Amino acid sequence: MNILGNTFGNLTSFEILRRLEKPERSKRMEKLLTYIENFKHRFIGISLAFSIPFIPSALVNYACVQMKLPTRTRILATLIGVTPLSVVHAVSGDLLLNSRPIRIPLVAILALLLFISLVIYVIHFRKEKNELHSSN
């Protein structure tokens, strides 16, 4: 339920942003757009951006508006991107309410997966940043 709520919420946000007047681009927005556009596959960039809790989903939705992604690609990227955090939120919340020893390893595995995705993001971002500096 959490996954569907996050997915539909982001898709609704996208539709609202698409109909609004385009705001001035901030440095943060430019950074995110550049980051996603530099991915070989934008689908992966969008999915990864949705799965990182430090990046506001409204900013990712705005990036989708700017890139004019096809509807199917946007829906799948959103669904795949919000799934890890939605599961972590749901399981950790349930774990706090109903503490069962069997669930602790599951939460630890999910937290580890979240940490690994964050490390991949940082490594990829640094690699792309170094490539941009070396090409100038």
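What follows draws every value from the coordinates through simple rules; no lab data is involved. Because the structure is a prediction, the values reported are computed rather than measured.
Structure summary
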quantity	calculated
Extension gain, Ala108 back to Arg18 (0.36 nm per residue minus Cα-Cα distance, nm)	28.6 nm
Extension gain, Ser92 back to Val119 (0.36 nm per residue minus Cα-Cα distance, nm)	7.6 nm
Phi to ³J(HN,Hα) by Karplus 6.51 cos²θ - 1.76 cosθ + 1.60 over the range 33-44, Hz, x for Gly, Pro	4, 4, 4, 5, 5, 7, 5, 4, 10, 4, 4, 5
